[in-house]
Amino acid sequence: MNYLRPGDALLIVDVQNDFLPGGTLAIPRSQDVIPALRRYLELFLDANFPIFATRDWHPPDHCSFYPRGGPWPTHCVAQTYGAQFPSELQLPSSTIVISKGTDPVQEAYSGFQGSPLHERLRASGVTRLLIGGLATDYCVLETVKDARLLGYEVYLLVDAIQAVNVVPEDGPRAEEAMVSAGAVPLRWEQLAA
Ligand SMILES: [Zn+2]
């Protein structure tokens, strides 16, 4: 792939304050995805192609939080600063925002789970997705796998993702799993060529 075409959309996964340095669930080097994603954002804006952004949008008593016996510290509670997109990302006002994880008793790593993402993509005529964001080994992984199951062509923006790496090598393993599912790794240099 070295050009965009109608039917392409950029899908930014969960780039939210709580996953960035200073957040309640800060992912190592997560801030590096922001300048990387900015380049893709500008490209899509210039081409007037759709931009989607998913966000964790949890109720305060979400099942994934420690106090409820879940695996994560409290994070991305709806309407709080931690759930907001960072201002540095400069998401355009035209961005279609998809909230997930809104059900207190359901985890939702995938942006497609319990959300209108698939319908909204179809309504925009999207057939091919360029996907980046946070985190490689959880929400990016599950979003990419669901996108492939739903029949989208998927390009994984390998220079615009970061992993949690609860276990070392979780990130590389997740990238391998996404490629096995049919996602094509893509770097900025290849796209701009
Ligand atoms: Zn969450």
Notebook entry, point to check: Looking at the stretch 109-116, is at least one residue at pLDDT 95 or above, closer than 20 Å to Asp8 by Cβ and in contact with a His (Cβ under 6 Å, 6 or more places away or on another chain)?
Noted result: yes
Checklist line | Residue satisfying all of: in the stretch 23-80; assigned to a strand (DSSP E or B) and within 12 Å of the ligand (Cβ to nearest atom); farthest from Val13 (Cα to Cα) among these | finding: Phe65
Check: Considering the stretch 97-135 alone, what residues qualify as being touching a residue at least 24 places away in the same chain (Cβ under 8 Å) and part of a helix (DSSP H, G or I)?
Finding: Leu117, His118, Arg120, Leu121
Check: Is there any pair linking a residue in the stretch 4-18 that is over 21 Å from Cys139 (Cβ atoms) to one that is of a type in the set (Phe, Trp, Tyr) and surrounded by 24 or more Cβ atoms within 10 Å (Cβ to Cβ), with Cβ under 8 Å and at least six apart or on different chains, and which?
Finding: none
Note to self: Restricting to the stretch 157-193, name every residue that is buried (at least 17 other Cβ atoms within 10 Å of the Cβ), over 20 Å from Ala108 (Cα atoms) and of a type in the set (A, V, I, L, M).
What the structure shows: Leu157, Val158, Ala160, Ala183, Leu186, Leu191
Checklist line | Cβ-Cβ under 6 Å pairs, at least 6 apart or on other chains, the stretch 171-192 side aromatic (Phe, Trp, Tyr), far side outside any helix (DSSP H, G or I) | finding: Trp188/Asp159
Check: Given the structure, is Val144 surrounded by 15 or more Cβ atoms within 10 Å (Cβ to Cβ), within 16 Å of the ligand (Cβ to nearest atom) and part of a helix (DSSP H, G or I)?
Finding: no
Checklist line | Residues satisfying the stated conditions in the stretch 134-156, i.e. within 13 Å of Val179 (Cβ to Cβ) and not hydroxyl-bearing (Ser, Thr, Tyr) | finding: Val140, Leu141, Val144, Lys145, Arg148, Val154, Leu156
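One line per residue, one yes/no per condition, for (1) more than 15 Å from Cys139 (Cβ to Cβ); (2) buried (at least 21 other Cβ atoms within 10 Å of the Cβ); (3) in contact (Cβ under 8 Å) with a residue 12 or more places away in the chain; (4) not basic (Lys, Arg):
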{"residue": "Pro21", "(1), (2), (3), (4)": "yes, no, no, yes"}
{"residue": "Ile27", "(1), (2), (3), (4)": "no, yes, yes, yes"}
{"residue": "Asn48", "(1), (2), (3), (4)": "yes, no, no, yes"}
{"residue": "Asp56", "(1), (2), (3), (4)": "no, yes, yes, yes"}
{"residue": "Pro59", "(1), (2), (3), (4)": "yes, no, yes, yes"}
Note to self: I need the full set of residues from the stretch 137-170 which are among the aromatic types (Phe, Trp, Tyr) and without any contact (Cβ under 8 Å) to a residue 40 or more places away in the chain, in order please.
What the structure shows: Tyr138, Tyr152
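The values are calculated or read from the model by the stated rules, or taken from the named source; none is laboratory data. If you're wondering where the values come from, they're calculated on a predicted model, not measured in any experiment. Note that each Cβ is placed from the backbone with ideal geometry, even for glycine, and that neighbours are counted across all protein chains shown.
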